[in-house]
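Reading through the structure tokens given below for one structure.
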Amino acid sequence: MRILKYCFLSVIFISTSLFAQEPTSTKPQGHTDQNKFRQMKDLLATPNETRTASGAPGYKYTQQQVDYVMDIRLDENTSQIFGDEKITYHNNSKDHLQYLWIQLDQNMRAKDSKTPDVKEESFKTPFNSAQSFTKNNLQESFDGGFNIEHVKNDNGSDLSYTINQTMMRINLAKPLAPGDTFKFEIKWWYNVNNHVTQGGRSGYEAFPDGNNTYVIAQFFPRLCVYNNVEGWQNMQFWGRSEFALEFGNYDVKLTVPADHKMEATGELQNPKDVLTKEQIKRFELAKKSFKDPVFIVTQEEAEQAEKQRTTKLKTWHFKADKVRDFAFATSRKFLWDAMAVDINGRSVMAISLYSKEGNPLWEEHSTRVVANTLEEYSKLTFDYPYSKAVSVHAEMGMEYPMICFNYGRPNEDGTYSERLKRGMIGVITHEVGHNFFPMIVNSDERQWTWMDEGLNSFVETLAELDYDPNYITGNLPKDIVAYMGGDQSNISPIMSQGDYVHQFGPNAYTKPSAALYLLRQTIMGPELFDYAFRTYSQRWMFKHPTPADFFRSMEDASAMDLDWFWRGWFYTTDYTDIGVKDVKQYYLTDKPTESAKERAKRFKMDLADYPGRFIYYAEAVDGVIPQDAKSATDFAELNTYLESLSPEEKAKLKEAPKHFYEVTFEKPGGLVMPIILEITYEDGTVERKKYPAEIWRYNEFEVKKVFKTNKAITSFVIDPDLETADVDTTNNAWPKDDATAFSKFKEKVKG
Ligand SMILES: [Zn+2]
């Protein structure tokens, strides 16, 4: 280096030691060192041949397959469903299975269900309407549990089984060996619940015209997941935490009144038996309509249909491969429309089924929102692999493969609020989006609600903003501030099982969604994030990922150490709070300052022996720069040094700074996060700086930064766009008493 030519060695030693920055220690007394950047080895399972350290499935990864052949009959008069179900269970694992576990979700509504027993009751609402009083005090409790008529093997002999609430164990005579299949059948029926008056994710809605719309799901005994992380996933269904299901092939025949219109998971096998020639023709038109939906059944036709009632029956036959579940919707009341969506050169159908009560909102938005959702999600994950996605109007929000049930009902006169319209667009985007998480990227919903709800709410947010850039999503970092900064006794980490958390919505939906949004926008940037997120999605398409597979994939594909982020946001209830604690101004002087003398004393050195040698930084008292402050050009030795440089070296030099600031950032919040800083200069220009979260690695409470500028700085504002979910913004601006900077910021906070 050329600098050696000029300086003598001892001064180099002195100057580096004298003026080097040393980490300051401001750690509160009694604080144990919980390094926020320590790796997650203690939290994640050790990688192995089934799940690799990169987050991808390993070469020994296996999963079970379960195929169903079902004959289902709906009795509209009694609202009962009857099923003959043939199951083929493929044991692809390397384990011998002594028994099989089956989910009986409807038993949550059985007479002896324990679900109501664990619900707290009180007279917190000390009054009832006549309707609620009747429901609460006069009505017999509804018996909606499964009636299992028989469980037989494929020779027709009875199998031994045990039912524990919502779970049924089939006791095998001899263990099922690896690679073997087991065939058996279950015959069952149950009373369908009214999902409007009795609640639920499946059931019927009764209309004053005497007709019902049926949205039927979780309606047949379904195999539990067996895998290398849970064994059998047979945690009870309490009504909240959703389902863990295996992939398989479905062949389902559904017999319903002949005047019903139906949609279900899978492809219709017998359109000629169940559709009119006209309807088939309209479907063909819809397949070519990429801009607007085409009516298969118009409102006029639907209104005509609901005035009559046939006693005849029709059987609809659907087949679906590689799905994890099956659901259907059926009613004579339904209008039906469809349009095509271009997914990377392949046509997929976007379809809606709704009663006239959903109009005019539904014919305007439902199918278009389905189409937009498939397009947007495909961009961020993988090309939607199924042939269709259906949105059914049902005053709830619930998802199944290729079909989902959504709310959004206008007033009787057809008017509706913007809020209702927004809610409907939101729920359709969300539920159709669930086709990706967890219907295809098939995480364990019973155990980890956030893996489908959080990831889905995040992609939903991006899709909604694409449908309408002014959409108010409610899933952004600023939307989670009140929750994260609230009463800690009511908050659980995201990494919690859903049945056991307070504030389920913020816990499993908003917070993970906001976390991923800020991970994309603020921490990783869309380019790195999107590649990694797509990598995770494609690695685990049609497989069962765990949280570790997600965390690892996001790091593996981006070269970012995000352990601090997962640890803070997913495993703790810490929140973000970063502020400007102090701003000191400095000026240049040739007189040794007290702190310089102090520092020199340590090296047994008297700065008076080196007149003119050093340039001292002196702190401005109350921000006032004294008259005799120097500028860089006043220092003879500096000038001589600069003169000695070659023309090329000189050309590379910057103009000497005139203003010097030392800013102390404080972090009262437990989360480490990047510092996003907006600096405003005296001439009104504004500059942004972003310091990575690692700025807190040596001291997570306080950190200093120096700003050397030619223009005076008039304000510092932290997180000006509210990207980091900072729970207390009163410490975000300097100067605190600067009315303009701070009130401008406060306005933004309110917005
Ligand atoms: Zn959801």
- Message: Defining a contact as two alpha carbons under 8 Å apart and six or more residues distant in sequence, what relative contact order in percent does the chain show?
- Response: 11 percent
- Note on the structure: The long-range amide H neighbours of Leu313, using H built 1.01 Å from N in the peptide plane and a cut-off of under 5 Å, are Ala258
- Message: If R₀ is 56 angstrom, what is the calculated FRET efficiency for the pair Lys277 and Lys690, using the beta carbon separation as r and rounding to 0.05?
- Response: 0.35
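Students often get this wrong, so check it: of Lys94/Lys388; Lys111/Lys187; Lys152/Lys174; Lys291/Lys314, which have C-alpha atoms separated by over 23 Å? Before the final figure, lay out the partial values.
On the way: Lys94/Lys388 35 Å; Lys111/Lys187 20 Å; Lys152/Lys174 15 Å; Lys291/Lys314 33 Å.
Result: Lys94/Lys388; Lys291/Lys314 exceed 23 Å.
Please give the peptides 405-415, 258-268 ranked by average Cβ packing (other Cβ atoms within 10 Å per residue), highest first, as a rough proxy for protection.
Numbers: 405-415: 16.5, 258-268: 20.7.
The most tightly packed comes first, giving 258-268, 405-415.
Which number gives the lysine pairs in the stretch 492-613 that have C-alpha atoms under 26 Å apart and are eight or more places apart or on different chains? Mind dumping the intermediate values first?
Working: Lys511/Lys543; Lys584/Lys597; Lys584/Lys601; Lys591/Lys601; Lys591/Lys604.
The result is 5.
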- Proximal aspartates and glutamates relative to Lys319, as straight alpha-carbon distance under 14 Å, when same-chain residues fewer than 8 apart are discounted: Asp67, Asp71, Asp251, Glu263, Glu267
- Considering only DSSP states other than H, G, I, E and B, which GluC sites (Glu not before Pro) in the stretch 114-153 qualify as loop sites with at most 10 other Cβ atoms within 10 Å? Glu120, Glu121, Glu140
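For Ser141 and Lys322, calculate 0.36 nm times their separation in residues minus their Cα-Cα distance, and state this gained length in nm to one decimal.
Working: separation 181, 0.36 × 181 = 65.16 nm, distance 3.78 nm.
Contour length minus Cα-Cα distance gives 61.4 nm.
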- Task: Could you calculate the contour length gain from Ser132 to His150, that is, 0.36 nm times the residue separation minus the distance between their Cα atoms, to one decimal place in nm?
- Result: 2.7 nm
- Query: Which of Pro692, Asn406, Ser715 sits farthest toward the positive end of the charge dipole of the chain, with +1 on the Cβ of Lys and Arg and -1 on the Cβ of Asp and Glu?
  - Reply: Pro692
- How about the stretch 641-683: which trypsin sites (Lys or Arg not before Pro) there are in a DSSP loop, with at most 13 other Cβ atoms within 10 Å of their Cβ? Lys652, Lys654
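Give, in nm to one decimal, the length gained when the segment between Ala173 and Asn470 is fully stretched (0.36 nm per residue of separation minus the Cα-Cα distance). Please report the intermediate quantities before stating the final value.
Values: separation 297, 0.36 × 297 = 106.92 nm, distance 6.11 nm.
Answer, rounded to one decimal: 100.8 nm.
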- Task: Determine which aspartates and glutamates satisfy two conditions relative to Lys356: a Cα distance under 14 Å, and not lying fewer than 8 residues away in the same chain.
- Result: Glu205, Asp209, Glu300, Glu301, Glu303, Glu306, Asp337, Glu364, Glu395, Glu412, Asp413
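Per residue of the chain, what 222 nm ellipticity follows from adding -39500 (n - 2.57) for every DSSP H run with n ≥ 4, rounded to the nearest 500? Mind dumping the intermediate values first?
Working: 18 runs with 173 residues, N = 751.
That calculation yields -6500 deg cm²/dmol at 222 nm.
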- Message: Using a Cα-Cα cut-off of under 20 Å, which lysines could be cross-linked to Lys652, ignoring same-chain neighbours fewer than 8 residues away?
- Response: Lys5, Lys708
- Query: In the stretch 562-635, what trypsin sites (Lys or Arg not before Pro) fall in a loop by DSSP, with at most 16 other Cβ atoms inside 10 Å?
  - Reply: Arg602, Lys604, Arg613
- Please identify the helices of the chain, taking whole runs of DSSP H, that span at least 20 Å along their own axis as judged from the Cα atoms and have a mean Kyte-Doolittle score of -0.5 or higher. 418-433, 449-467
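Read-outs: derived from the displayed coordinates by stated rules, not from any lab. Here the structure is a predicted model, which means the values were calculated and not measured. Because the Cβ atoms are built from the backbone with ideal geometry, glycine has one as well, and the counts that use them run over all protein chains shown.
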